[in-house]
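Below: the structure, in structure tokens.
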Amino acid sequence: MSRPLSGMKVVGKPRRRVDARAKVTGQTRFADDLVLPRMLHCKLLRSPHPHARIRRIDARAALSMPGVKLVLTGADLPIPYGILPVSQDEHALCLSRVRFVGDPVAAVVAVDEITAFEALDEIQVDYEVLPTIADPLEALATPEPKIQPYGEGNVHKKVALEFGDVDAAMAGADHVFEDIFFYQGNTHLAIEQHAAVGAVDPDGKLTLWSSTQTPHYVHRALARVLQIPAAHIRVIAMPNGGGFGGKSDPFNHEIVVAKAALVLGRPVKTCLNREEVFYCHRGRHPVTMKLKTGVKSDGSIVAMDLQTLLDGGAYGSYGVASTFYTGALQTVTYQVPRYRFRGCRTFTNKPPCGPKRGHGTPQPRFAQEIQLDKIAAVLRLDPARLRQSQLAKPHSLTANYMRLGTISLSECIDRVVEGSDWKNRYGKLPFGHGIGIACSSYLCGAGLPIYWNTLPHSGVQLQLDRSGRVTAFCGAAEIGQGSDDVLANLVAEVLGVDPFDIRLVTGDTDLGPVDLGSYSSRVTLMMGHAAIQAAERARDLIAQAVSAKLEVPVARLVFADRRVFDAQDPARGVSFAEAVQVGEAMHGTLGTTGSYRPPESAAKYKGGGVGPSPAYSYSACVVEVQVQPETGWVEVEKVWIAHDIGRALNPVLARGQVEGSIYMALGEALMEEMDYRRLPRHLSAALVHKFPSMLEYKSPTTLEMPEVITYLVEDPDDAGPYGAKEVGQGPLLPVMPALANALYDAVGIRVDEVPITPEKILRALGDRTAHRCGPKSFPFIEWPEPLRVPPPWEGGDGKAQNEGPRRRREGAIVAPDVAQPGLSPHPSTPEGRREKSDETSPAPELPEVLR
Amino acid sequence: MSAVGSFSSHPPTRLSFKLNGEPVEILVDTYKTLLEVLREDLGLTGTKHGCELGECGACAVLLDGRPILSCLMLAAECEAVEVRTVEGLADGACLHPVQEAFADLGAAQCGYCTPGMLVSACALLEKNANPTRAEIREALSGVLCRCTGYLQIFEAVEAAGRKLAAGLPEKTGKTP
Ligand code: FES
Ligand code: FES
């Protein structure tokens, strides 16, 4: 979709975002700001045990408290759900077993929050404590008791893929490097705590307002669990007070307040406290990695072999996708002729991990970029040049069949090398002071939806009337990233009006066409295309009418400055409102739609659904550090980052996304971690979260944020709207390894894990032989036979040679398993789309519930 | 039954103070924080919360001109004080220069930390319209922002300071 880029009025101009005024006046309404008449309040009772069977729940005392209206337990919501069709393993309230500290067991609804809170203390739960699994090593070694009824023991998923004969290529390499890395888990820490309000509409339908990034998926989960036709449920994603991936699963509390509202016929609200937000988690998976790379003496890669071991926590969440993502994008930055990837996700008795900014890719990126630095050191090559010399080729297929578009990484590297004066400073700064470089790439939207279907991934509808009003409807959720601004920006550009002229209705499943949600950096690209298509259709209708009125050929009409006029005689024209009027007179009421679905992927093997994207963004980063060798204290002095964004639709927002990514990356690199500990045995063997508070979970403040020099490199990609690619996640990826590499330049040590704390730096400085701190071994894992897919340059066609025929799992697209009142039953989802749960079939032994 | 020592069992108390320039007189539950009274009893939801434990700064408001964490302050302690919240920064429809600068320069992404940042920035600029970067960092260090990386916030505070120092009319009236 290439179009002239000159003469644009809105796209590319630094502008105040359309929702800025609401935000700076405190008028943006977040979910917890909603208050409805007769609204009740809900609190969840969460498990104090990391693993236990629920024997009995006695809610009698709680129910007898004045003001308490309802107590719900697992038996009230017995249908499982989960974000991925292959992991329908969650229950809104645990049925018979709790799997981590914080797993919800019961819900209280009362007249006010404090009564609900006090009533939690009055619910007696009798638990039978079970042994716990603390980490992936224990999970591999301890198949029983199984945390989940599916998977192999406590292994959730193993995947193995091989693109070309890796062992043969390694044997022919001049050097083979093998390193082990650990990337600690961390969490999103959006400042807004999750909140939701459920209410029954006057006509009996259900509405849920929630701080969610994915209203469409919440919609599906509600229909499934509550057994209500999806068309009778409305989900409204309120503007999120930050998402970062932490609000993209359907959550327990959302389903609970919806159910409570249905039972009581009154609005019900809940707002999680900060501790509960830590338990919702779905953040970065802790990953141990073994990376083996064969190179020629000039440093060029001949083969790469990656193994990853993920700590998934207690539920599936996005975990299967996360596992594939720890391998899928290793090939899109540099040329990797042959590649083997094996990944394993384990269940542990901890809050479930899922997608956080960069979903599954920061961990292997950390490994690869540090290893490249080691390769450069051994081969005495300049790390920047080593990267430059083997960048992936634009418009090519990778070994694992990712179809690449534009790549401006070379220019990105040039910019940060120049900006940081790399050539005069790398390897030349005094002891304690150093710089390091790393690169990365990221997707612009997942090529496949989360559940298999052939529908659009994003839709936009426009409605125009004679007043000149343009309203844009779209299901996309505004999570702070500026998706509303992108929508207004693009529609305004096409129709020649100001973005502030456009009314927006977004994130509402009743009013807007489906957009899959704000995840995988997909919204700008996918919603953007849909918006342009809808706007161009509206423009064409209007142009036809204006052309007739002015007697000017359509091709000569210009839409700009809130007018439609003759390009050859700009005085000859009409106002935009008038143009809509003549359009309405000619065509009747004006409305158009646009939609977008990504192109077919070239990866035809099982697992090839994770990684393909319409386009890839690229980043290069240089980090400068000052290290105090006596204390191990690191000060980040400055960061240079260049991001290949295709086109910056609004440079103010684009820069904000880059700097926000750097900030979040520095937190991951230096301090943030989800850490757990066992309580002393004489108290309990419980495995508890070490830091479920913002004070103890350290994140960077204004005092830690260094100076950042941001370069937006614009080389429009035909796959993006006006050439735009993503910017919300990619720039996070190179920062952690660039920082680790800077440490090496500064004091000659390798810290092969994050967070890089002063303690680990001292440990590496004290290691007189390896000068290293990091994991020493990668556990033995019995891998399945890999699917063998010959790379494109070895005659492959994207299919695996050793894979049996695959059945595409066609399923109920909108709402599985819903009995529609008065209608014939909805066809149920075919077997196999869902993992079996012991808590559905056969019915588990349910605890006794006393009310 | 009601739990012994239940918070909710104490009688409410009368409170009068000044809120965004207007006198307020209400009955408040003694256990309620200023944050809760502002958001729930008075309907001023502009002030946010991210922890209710004094950790994030989202709930900052100005108390007699000084930023405080409204989640750590009991409303009952606020007798006769003057409270200013994000709702009290603009003059009618005219934004405060700090609000203008935040809006124009990308200092509000999700906007959730923004009220706390804005009132903290106002408190700083009222004392010192020409702060250094270090002074801005210090003044805002109690408010966490998870979106912006802070740099555009610093720039907005500097831009607003320049405007204030240049003696431009405090309210610019720029819209929207
Ligand atoms: S709500 Fe976090 S400090 Fe007050
Ligand atoms: S703008 Fe989102 S937390 Fe600051």
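The values are calculated or read from the model by the stated rules, or taken from the named source; none is laboratory data. Predicted, not measured: the structure shown is a model, and the values here were computed from it. All Cβ positions, glycine included, derive from the backbone under ideal geometry; neighbour counts span all protein chains shown. The area values use the complete protein model at the heavy-atom level, side chains included, leaving out ligands, DNA and RNA. Shrake-Rupley method; radii C 1.70, N 1.55, O 1.52, S 1.80 Å.
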Residue pairs meeting the criteria (Cβ under 8 Å; at least 6 apart or on separate chains; first more than 14 Å from every other protein chain (Cβ to nearest Cβ) and more than 15 Å from residue A:406 (Cα to Cα), in segment A:698-718; second open to solvent by 50 Å² or more (accessible area, probe 1.4 Å) and of a type in the set (S, T, N, Q)): none
Among the candidates A:53, A:17, residue that is at pLDDT 95 or above and more than 30 Å from residue A:851 (Cβ to Cβ): A:17
Residue check, residue A:56 of a type outside the set (A, V, I, L, M, F, W, C) and closer than 19 Å to residue A:195 by Cβ: no
When residues of segment A:246-279 are limited to those that are open to solvent by 10 Å² or more (accessible area, probe 1.4 Å) and within 25 Å of the chain's Cα centre (by Cα), the one nearest to residue A:220 (Cα to Cα): A:252
Scope segment A:727-765; condition under 24 Å from the mean Cα position of the chain (by Cα) and open to solvent by 10 Å² or more (accessible area, probe 1.4 Å); matching residues: A:727, A:728, A:729, A:753
Residue in segment A:301-318 that is open to solvent by 10 Å² or more (accessible area, probe 1.4 Å) and assigned to a helix (DSSP H, G or I) present: no
Evaluation of residue B:110 against (1) on the phi < 0 side of the Ramachandran plot; (2) more than 16 Å from ligand 1 (Cβ to nearest atom); (3) at the interface with chain A (Cβ under 9 Å from one of its Cβ atoms) (one fails), failing number: (2)
Selected residue (criterion: surrounded by the most Cβ atoms within 10 Å (Cβ to Cβ)) from residues of segment A:766-805 that are of a type in the set (A, V, I, L, M) and touching a residue at least 24 places away in the same chain (Cβ under 8 Å): A:789
Test result for residue B:16, in contact with a Pro (Cβ under 8 Å, 6 or more places away or on another chain), modelled with pLDDT under 95 and more than 16 Å from ligand 1 (Cβ to nearest atom): no
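Select, from A:16, A:60, A:97, the only residue that is within 23 Å of residue A:653 (Cβ to Cβ) and open to solvent by 10 Å² or more (accessible area, probe 1.4 Å).
Details: A:60 fails: within 23 Å of residue A:653 (Cβ to Cβ); A:97 fails: within 23 Å of residue A:653 (Cβ to Cβ).
Answer to the check: A:16.
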Strands (runs of 3 or more DSSP E) fully within segment A:141-210 counting 3 or more residues that are of a type in the set (Ser, Thr, Tyr), without any contact (Cβ under 8 Å) to a residue 24 or more places away in the chain and under 30 Å from residue B:49 (Cβ atoms): none
Scope segment A:692-721; condition open to solvent by 40 Å² or more (accessible area, probe 1.4 Å) and outside any loop (DSSP other than H, G, I, E, B); matching residues: A:707, A:709, A:711, A:712
Checking residue A:349 against (1) open to solvent by 10 Å² or more (accessible area, probe 1.4 Å); (2) more than 21 Å from residue A:667 (Cβ to Cβ); (3) assigned to a loop (DSSP other than H, G, I, E, B), the condition it does not meet: (1)
Of all residues making up segment A:459-491, the number that are away from chain B (no Cβ under 14 Å), surrounded by fewer than 24 Cβ atoms within 10 Å (Cβ to Cβ) and outside any strand (DSSP E or B): 5
Which numbered condition residue A:523 fails, given (1) open to solvent by less than 20 Å² (accessible area, probe 1.4 Å); (2) in the same structural domain as residue A:329 (by TED's automatic domain parsing): (2)
Unmet requirement for residue A:678, which otherwise passes all of (1) crowded, with 16+ Cβ neighbours inside 10 Å; (2) over 28 Å from residue A:16 (Cβ atoms): (1)
Residue in segment A:199-215 that is within 16 Å of ligand 1 (Cβ to nearest atom), within 14 Å of chain B (Cβ to nearest Cβ) and open to solvent by less than 20 Å² (accessible area, probe 1.4 Å) present: yes
Matching residues, segment A:122-145, being more than 30 Å from residue A:775 (Cβ to Cβ), among the β-branched types (Val, Ile, Thr) and open to solvent by 20 Å² or more (accessible area, probe 1.4 Å): A:125, A:129
Residue count for segment B:108-149, restricted to those that are aliphatic (A, V, I, L, M), within 16 Å of ligand 2 (Cβ to nearest atom) and either open to solvent by less than 10 Å² (accessible area, probe 1.4 Å) or at pLDDT below 95 (or both): 8
Restricting segment A:110-121 to residues that are more than 11 Å from residue A:67 (Cα to Cα) and open to solvent by 30 Å² or more (accessible area, probe 1.4 Å), the residue that is farthest from the other protein chains (Cβ to nearest Cβ): A:117
Qualifying residues in segment B:45-75 (those that are farther than 23 Å from residue A:27 by Cβ and within 7 Å of chain A (Cβ to nearest Cβ)) - the one nearest to ligand 2 (Cβ to nearest atom): B:55
Filtered residue count, segment A:171-198, keeping only those that are within 28 Å of residue A:286 (Cα to Cα), more than 14 Å from chain B (Cβ to nearest Cβ) and among the aliphatic types (A, V, I, L, M): 2
